[in-house]
Protein chains: 2
Amino acid sequence: MSAPESGGMNSVKTTRRTVLTGVAAAAAFGLTTGTAEAETGGSKIGILLYDGFSLLDPTGPAEVLSRLPGATVTMIAQHRGPVRTDTRDVAVLAERAVAEVNRLDVLLVPGAGTRGTVAAMENPVLLEWIRRVHRHTAWTTSVCTGSLILGAAGLLRDRATTYWSSADYLEKTFGVRYVPERYVQVGKVITAAGVSAGIDLALHLASLLADEETARGIQLAVEYDPQPPFDSGNAAKASPELKALALKLLADSQE
Amino acid sequence: MSAPESGGMNSVKTTRRTVLTGVAAAAAFGLTTGTAEAETGGSKIGILLYDGFSLLDPTGPAEVLSRLPGATVTMIAQHRGPVRTDTRDVAVLAERAVAEVNRLDVLLVPGAGTRGTVAAMENPVLLEWIRRVHRHTAWTTSVCTGSLILGAAGLLRDRATTYWSSADYLEKTFGVRYVPERYVQVGKVITAAGVSAGIDLALHLASLLADEETARGIQLAVEYDPQPPFDSGNAAKASPELKALALKLLADSQE
């Protein structure tokens with residue numbers, strides 16, 4: 001990499017102070033996040049990656065939870081190294097192997113396409129690790145079809161949510177009631193609905209791990225004031241044709 | 001990795017058919033996404049990664065855009081290999097170096113914390129590449145402070161949006177008007193607001209690259225029916241104290 005050219009075309013000199021206005025104001029308000037950090041105790045948050053996961057399932061929650069005072073967010077997989085998404089387009093690095101991780105405050109299991117979900121549900125190494133870590137977590141959580149993996153590990157009771165088109169499978173396979181909400185909390189297990197619901201789950205988790213004010217601060221920090229240009233994200237309101245299209249787009253993107 | 005134990009504890013046997021109900025329905029409706037694919041022409045979508053990027057900025061749009069029929073989404077950086085986020089917690093692989101990529105249908109530049117944003121704004125290799133690729137894109141886009149990088153590359157005109165606390169900097173540095181909307185389209189340049197706004201931008205882009213029905217199908221595919229547990233994501237409605245807290249949480253998470 002060459003050094004920046006001084007005075008180059010459109011060269012812009014700036015400083016830490018100028019890009020984000022208002023940072024100095026935190027001091028003016030006498031703000032500290034020490035209370036929240038003491039409450040979170042520097043939460044150890046672990047996210048399980050496995051081949052074929054859906055990209056937003058772990059990354060939405062990671063974005064939110066990494067802003068918790070003192071928290072660490074670690075991507076974990078059966079083996080260290082790159083783990084590829086369902087579309088094969090993108091890979092996220094697993095920083096730790098499951099064998100290296102025994103204790104977590106929060107475990108989050110993302111969802112995947114059918115191939116990835118089924119492989120994880122049938123992988124005894126992952127299921128055993130999930131059960132082992134779950135014994136000591138404060139919260140064991142999932143996004144999308146990740147709840148099916150929690151189910152395969154024997155951790156679901158009573159009620160749960162999952163990806164909308166996996167609701168029947170969830171109920172028939174694990175004998176729990178599907179609840180069509182963004183996240184469903186039963187004891188210390190919290191399951192979230194499909195893909196983008198992990199962001200809503202993570203804000204709820206932030207309020208549990210720290211406090212509501214901190215969660216609100218994080219929501220503003222990630223400017224999460226959603227305004228989708230369409231209103232088509234709720235399966236309960238979708239036509240059969242739109243549901244079929246959604247599933248075809250998913251399946252085709254994973255070929 | 002050991003082979004799955006047959007009949008092991010909580011072992012669940014399943015098939016591709018059962019996990020997602022409704023996949024077969026796509027055929028029943030005679031659905032094809034061929035029209036949309038012809039329109040997108042198999043869009044080549046490139047996302048620029050650079051040290052210190054914010055995780056959700058590229059991954060939210062990648063999740064959405066990777067569902068476009070025939071589209072490819074490629075993570076690109078100055079050099080191939082892992083690129084780490086602002087918190088240093090997570091790394092995403094860059095699959096291509098900028099020197100390997102000359103043509104894209106869509107370029108997306110994510111945002112970062114101050115360190116990452118300033119470094120990118122002062123990196124002549126990245127700025128020159130952005131300008132070069134921009135000549136032939138259908139859409140040149142940004143999320144969060146990514147618009148400041150587009151500005152440093154000389155690509156902003158008239159109006160733009162950015163991360164809420166960078167609005168003053170945007171206006172003073174590039175002489176454009178800050179518009180507090182989720183995304184702002186000026187010619188073929190579309191800038192999005194902070195972090196999570198990239199998801200809204202991506203759905204809009206999906207409708208431009210394919211059609212509205214496809215974008216709605218993708219919205220359902222990622223179950224994007226946002227229901228944040230709090231209503232604190234809009235800076236225009238936030239108290240000075242909450243803004244200061246948000247910026248402190250961001251700054252502390254990047255230490």
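Pairing residues of region A:124-147 that are of a type in the set (Lys, Arg) with residues that are surrounded by 18 or more Cβ atoms within 10 Å (Cβ to Cβ) and not in a helix (DSSP H, G or I), at Cβ distances under 7 Å and at least 6 apart in sequence or on separate chains, gives A:Arg131/A:Ala153. Only one of the listed residues (A:Ser239, A:Ser253) is surrounded by 20 or more Cβ atoms within 10 Å (Cβ to Cβ) and either in contact (Cβ under 8 Å) with a residue 60 or more places away in the chain or more than 29 Å from A:Gly46 (Cα to Cα) (or both). That residue is A:Ser253. Annotation: of all residues in region B:198-216 being farther than 21 Å from A:Glu223 by Cα and at the interface with chain A (Cβ under 10 Å from one of its Cβ atoms), the one that is surrounded by the fewest Cβ atoms within 10 Å (Cβ to Cβ) is B:Glu212. So, A:Leu48, is that one in contact with a helix residue (DSSP H, G or I) (Cβ under 8 Å, 6 or more places away or on another chain) and more than 9 Å from chain B (Cβ to nearest Cβ) or not? In short, yes. Region A:148-244 holds helices (runs of 4 or more DSSP H) entirely within its bounds, and those carrying 2 or more residues that are among the acidic types (Asp, Glu) map to A:167-174, A:212-221.
Look at region B:220-235: where a residue is facing chain A (nearest Cβ under 7 Å) and surrounded by fewer than 20 Cβ atoms within 10 Å (Cβ to Cβ) and a partner is of a type in the set (Phe, Trp, Tyr) and assigned to a helix (DSSP H, G or I), sitting 6+ places away or on another chain with Cβ atoms under 9 Å, you get B:Asn234/B:Trp164.
For region B:73-117, filtered to residues that are farther than 26 Å from B:Leu156 by Cα and of a type in the set (Asp, Glu), the residue that is modelled with the highest pLDDT is B:Glu95.
The set of residues from region A:66-87 being touching a residue at least 24 places away in the same chain (Cβ under 8 Å), of a type outside the set (Ser, Thr, Tyr) and within 27 Å of A:Ala251 (Cβ to Cβ) comprises A:Met75, A:Ala77, A:Gln78, A:Val83, A:Arg84, A:Asp86. Here A:Thr59, A:Thr87 are screened, and the one residue that is surrounded by fewer than 24 Cβ atoms within 10 Å (Cβ to Cβ), within 7 Å of another protein chain (Cβ to nearest Cβ) and among the hydroxyl-bearing types (Ser, Thr, Tyr) is A:Thr87. For region B:116-156, the set of residues classified as within 8 Å of another protein chain (Cβ to nearest Cβ) and among the hydroxyl-bearing types (Ser, Thr, Tyr) consists of B:Thr117, B:Thr145, listed by residue number. Meeting the requirement of 1 or more residues that are more than 16 Å from the chain's Cα centre (by Cα), the strands (runs of 3 or more DSSP E) wholly within region B:44-116 are B:81-84.
Test B:Leu93 against the criterion of being of a type in the set (A, V, I, L, M) and without any contact (Cβ under 8 Å) to a residue 24 or more places away in the chain, and give yes or no. So B:Leu93 fits the description; yes. Any residue at all in region B:178-193 that is of a type in the set (Gly, Ala, Ser), buried (at least 22 other Cβ atoms within 10 Å of the Cβ) and under 30 Å from A:Ala251 (Cα atoms)? Looking for residues that are of a type in the set (Gly, Ala, Ser), buried (at least 22 other Cβ atoms within 10 Å of the Cβ) and under 30 Å from A:Ala251 (Cα atoms), one finds at least one in region B:178-193, hence yes.
The values are calculated or read from the model by the stated rules, or taken from the named source; none is laboratory data. Because the structure is predicted, anything quoted here is derived from the model rather than measured. Every residue, glycine among them, receives a Cβ derived from its backbone with ideal geometry; neighbour counts consider all protein chains shown.
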